[in-house]
């Protein structure tokens, strides 16, 4: 690669990262602004962080979103990993094409279609069985799990497709049961993909506003829904403060996950 081509690629990479991260840095900067408006800087202040700590609606929505994201991501990882194993390891079984299509359909399905279809499903089930009595946290968890399974399956499926099965075959020849081989050999080796799938599912759930708007009830208002509704009145500096805290928290979590995955690969 020539020097001019290398400089061009570095420039494009720099512009791409600047496009992605400069808006985040602006939000962090103005979260310490004393004024309410983001157009002028009037002085350093922690006023909006103090206001955020006293905003019960925002804090409750944040806790609800994190709880839903953690539960739905965990369920999606379990079901998505099992689905990936079935697709990759069982080459031939009746209905495999239909099963694969059903699992991966949310990847290409618009969120508004997924949300509407899940809403109609919950309404139909309620009329037939009486459950759920009202839409709430459980219906949002089911909806986010349905969405996240497709992404977890895709990530784990790629790892299993390039997986060297010689270790599994050796363990089976030595008398280990298939279940023990999966938990002792297969699962630790695909753990980086499983962790990536969990993080992906967690981020999808934490970010979703369209599907949650269809299936959430009065007691299950998520953080994106609160932020989206508050934007109609203008951007509040409290949102800047909350965004700064979320950026720090998620950056710390991703860093820990990256270090763990690197150690696991080694």
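Here, each number is a calculation from the coordinates, and none is a lab measurement. It should be emphasised that the depicted structure is a prediction, and the values quoted were computed from it without experimental measurement. Heads up, the Cβs are rebuilt from the backbone with ideal geometry, glycines too, and the neighbour counts pull from every protein chain shown.
Of all the numbered requirements in (1) touching a residue at least 60 places away in the same chain (Cβ under 8 Å); (2) farther than 30 Å from residue 217 by Cα; (3) over 17 Å from the mean Cα position of the chain (by Cα), residue 118 misses one, and that requirement is (2). Looking for something at negative phi and within 24 Å of the chain's Cα centre (by Cα) - is there at least one such residue anywhere in the stretch 27-47? Yes, the conditions are met somewhere in the stretch 27-47.
Scanning the stretch 56-74 for residues that are buried (at least 17 other Cβ atoms within 10 Å of the Cβ) and over 19 Å from the mean Cα position of the chain (by Cα) returns a single hit, 58.
For every residue, the table says whether it meets (1) under 18 Å from the mean Cα position of the chain (by Cα); (2) within 30 Å of residue 122 (Cβ to Cβ).
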site	(1), (2)
182	no, no
191	yes, no
194	yes, yes
205	yes, yes
221	yes, yes
248	yes, no
263	no, no
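The set of residues from the stretch 232-244 being touching a helix residue (DSSP H, G or I) at 6+ places or on another chain (Cβ under 8 Å) and surrounded by fewer than 14 Cβ atoms within 10 Å (Cβ to Cβ) is empty.
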